[in-house]
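The values are calculated or read from the model by the stated rules, or taken from the named source; none is laboratory data. Please read all numbers here as calculations on a predicted model, not as lab measurements. Counting neighbours? That spans all protein chains shown, and the Cβs are built from the backbone with ideal geometry, glycine included.
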Amino acid sequence: MRIWAIVPAAGIGHRYGSAIPKQYLSLCGTPVLLHSIKRLLEIKEVEQIFVPLGSDDTLWKNLEFSHPKVKTIAGGCNRSQSVLNALEGLSSLAKEEDWVLVHDAVRPCVTEFDIKKIIREVRNDDVGGLLAYQVVDTIKELDDSDGVIKTIDREKLWFALTPQMFRYELIKKALRAAVLSDQPVTDEASAIEFLGLSPKIIPGEKSNIKITSAEDLLLAELIIMSWSRK
């Protein structure tokens, strides 16, 4: 079984409000993006990691980072197009039945245990799957005036995480269909769902947070610092 990885890093992170894209912010002295890449490099089964970058990215070359398994490629105008560009870049290397792991550039706290878990749990699945954890808080639906309409049943609600893992040819087909149909997809699993298929949920750790605010960055520092104390 061959596994390829993609870490889309072409986003500029409007919500964070930083002067630089959040994937380049310093986390314990190392850019967030490199933490995410290094988590994948810990997995020996990963053949190569493709990192789609924005057309105006001037920061990657300043990282002074190189690894024979890591290759950059031109990203797209959104996540789907960036991942699709990387899949196209893999066309001469990957076979239809190979697996692809897609991991957010700003999820630096994913553990080796969880990555190995999704590989183990999904490798024999017909569709593929994603790391996720179950919603535990009460969820409210609001109207246009911010009034509560109803309480949502949380029993079958899960927060989607990454990595997400699908067969090479299947995820390429799914993303092409989504892009051609102008279908908004926020992750690879939603593209697979657009084909009428059901990705498998693999329970993951809540500490696999996504950096979207300054508070998230502080929490990520605490999580990574706690690893060094173990």
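Taking segment 118-136, which residues are out of contact with any strand residue (DSSP E or B) (no Cβ under 6 Å at 6 or more places or on another chain) and assigned to a helix (DSSP H, G or I)? Give the derivation first.
If we filter segment 118-136 for residues that are out of contact with any strand residue (DSSP E or B) (no Cβ under 6 Å at 6 or more places or on another chain), which is where we start, we get 119-120, 123-124, 126-127, 135-136.
Scanning segment 118-136 gives Ile119, Arg120.
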Options Ala178, Ala189; residue that is modelled with pLDDT under 95, out of contact with any Lys or Arg (no Cβ under 6 Å at 6 or more places or on another chain) and in a helix (DSSP H, G or I): Ala178
Residue within segment 151-163 that is outside any helix (DSSP H, G or I) and in contact with a His (Cβ under 6 Å, 6 or more places away or on another chain) present: yes
Residue within segment 31-47 that is without any contact (Cβ under 8 Å) to a residue 24 or more places away in the chain, assigned to a helix (DSSP H, G or I) and either in contact with a helix residue (DSSP H, G or I) (Cβ under 7 Å, 6 or more places away or on another chain) or under 27 Å from Leu222 (Cα atoms) (or both) present: yes
Residue within segment 123-145 that is within 18 Å of the chain's Cα centre (by Cα) and without any contact (Cβ under 8 Å) to a residue 24 or more places away in the chain present: no
Filter result (surrounded by fewer than 21 Cβ atoms within 10 Å (Cβ to Cβ), among the acidic types (Asp, Glu) and in contact with a helix residue (DSSP H, G or I) (Cβ under 9 Å, 6 or more places away or on another chain)) within segment 170-203: Asp187, Glu193
Hits in segment 208-230 - residues which are exposed (fewer than 11 other Cβ atoms within 10 Å of the Cβ) and in a loop (DSSP other than H, G, I, E, B): Arg229, Lys230
